1. Restricting to helices (runs of 4 or more DSSP H) lying wholly in the range 159-275: which have 2 or more residues that are away from the ligand (no atom under 15 Å from the Cβ) and free of Cβ contacts under 8 Å to residues at least 40 places away in the same chain?
2. Tell me whether the range 40-53 contains one or more residues that are on the phi < 0 side of the Ramachandran plot, modelled with pLDDT of 95 or more and surrounded by 14 or more Cβ atoms within 10 Å (Cβ to Cβ).
3. All but one of (1) within 21 Å of residue 174 (Cα to Cα); (2) at pLDDT 95 or above; (3) more than 14 Å from the ligand (Cβ to nearest atom); (4) surrounded by fewer than 20 Cβ atoms within 10 Å (Cβ to Cβ) hold for residue 75, so report the exception by its number.
4. Are there any pairs with C-beta distances below 6 angstrom linking a residue in the range 128-140 that is farther than 11 Å from residue 154 by Cβ and within 7 Å of the ligand (Cβ to nearest atom) to a residue that is at pLDDT 95 or above and part of a loop (DSSP other than H, G, I, E, B), with the two at least 6 apart or on different chains, and if so which?
5. Test residue 152 against the stated conditions and say whether it is closer than 16 Å to residue 225 by Cα and either within 16 Å of the ligand (Cβ to nearest atom) or not in a loop (DSSP other than H, G, I, E, B) (or both).
Ligand code: C5P
């Protein structure tokens, strides 16, 4: 069953192709036809939608992966992890520009990846920061200073399994709201816990039906995201995703149906799982 069926009976009709944004229990299918138009007509989606700029934070390390290099440069089924992410973004009809936030030390390796790929979307390397938040700040600052960009999608380089369709679904939804994330309903029961006298002690169990696992892409009206990042800097807020800044400011952020396979590659086990998933998508020949 579709993950969002609980919100609106109409969703069963939209389960494969639909744009599903939850807003106070309502689902908006209004851009559905735009998302799928290309499939039927071959029309590039960005001829119909505002062209979308995509920032890819890729300036992390390989620490939790146990690697000496940036984990996005590690091989996955014949090409670096970052190449898979770029390939999906490039195949998304709505994306017309990609900025990769990265450490200058990684630029030669990333340029080599780009040279081998022959992407149709223009790509720019931008300097990342010491944290993901700082990397995104720099990307948003760059785009804001251009003075022409309305909306931006942000997608972690480490989520290399996101499909082009997911990018397009987020781009389409961003025509109607100022903030959104891809997300999926949480399957596990989640406990809130902290250190107690005899170990980690549970404090509470949030109701699972209200819990969503946040993914990327996340999308925002650029001027608002810039304002939120400036405020975060001034207030010393530290967050792990950009939606959290909007939430702190009381600005609405909506959820677009994500993908269960849209894993964030963090540990070696994630790489094994990703290889399996990609192998299955590509078929046995590769
Ligand atoms: O480490 P983690 O996987 O949670 O990071 C999420 C994304 O943020 C990754 O794609 C990583 O490359 C990126 N990142 C960044 N700048 C940093 C740290 C992480 O762009 N300083």
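1. Working: elements: 164-173, 222-235, 243-248.
The qualifying helices (runs of 4 or more DSSP H) are 222-235, 243-248.
2. First, pick out the residues of the range 40-53 that are on the phi < 0 side of the Ramachandran plot: 40-41, 43-53.
Narrowing further to those that are modelled with pLDDT of 95 or more: 52-53.
From the residues that got through so far, the ones that are surrounded by 14 or more Cβ atoms within 10 Å (Cβ to Cβ) too are 52-53.
Looking through the range 40-53, at least one residue is on the phi < 0 side of the Ramachandran plot, modelled with pLDDT of 95 or more and surrounded by 14 or more Cβ atoms within 10 Å (Cβ to Cβ).
3. So residue 75 meets the others, but not (1).
4. 128/59; 128/103
5. On the way: closer than 16 Å to residue 225 by Cα: yes; either within 16 Å of the ligand (Cβ to nearest atom) or not in a loop (DSSP other than H, G, I, E, B) (or both): yes.
So residue 152 fits the description; yes.
The values are calculated or read from the model by the stated rules, or taken from the named source; none is laboratory data. This structure is a prediction, so every number in the text was calculated from the model and none was measured. No Cβ is skipped: glycine too gets one built from the backbone with ideal geometry, and neighbour counts run over all protein chains shown.
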